[in-house]
Amino acid sequence: MKAQKVKSMRIVWNVLKVDIDKDFETMIKNKPHYEEYVNWILEKLGYKVEQILYRKSTNGKTHVYIFLNKAPESWKEYVFLLLACGDDIGRFNVNMMRLKMFGDPLIKFFAVKLRSKN
């Protein structure tokens, strides 16, 4: 699937980049358990995992790239998939603030909804 441009921000819809607040070595040790969970939860949500890649971030934590068989149908679904796969909530909030600055009304709506629940 080709990358799509959304308000000058490049995203690839069928790849989830999950920022996990665990050190890389611990994450690799727990890789089988994490992959079992991700496969299970995404299957329940109607997706199939094609590939999972692990990268060490600059601060020693973990970035996980989850390649899906299809792209989520909306930003809402994309956001929920990230959270379901264990995205770091602090990083998630920062990303939501960045997206909010682009003026997308849908992103503003989700940022308000998420902030009101905290």
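Any read-out appearing in this document is the output of simple, stated calculations on the displayed coordinates, not a laboratory observation. All figures in this text were calculated on a predicted structure; none of them were measured in a lab. Here the Cβ positions follow ideal geometry from the backbone for every residue, glycine too, while neighbour counts run over all protein chains shown.
Give the residues of region 40-65 that are closer than 13 Å to G86 by Cβ and polar (S, T, N, Q), sorted by residue number.
Result: T62, single match.
How many residues are hydrophobic (A, V, I, L, M, F, W, C) and loosely packed, with under 14 Cβ neighbours inside 10 Å when one looks only at region 50-82?
1
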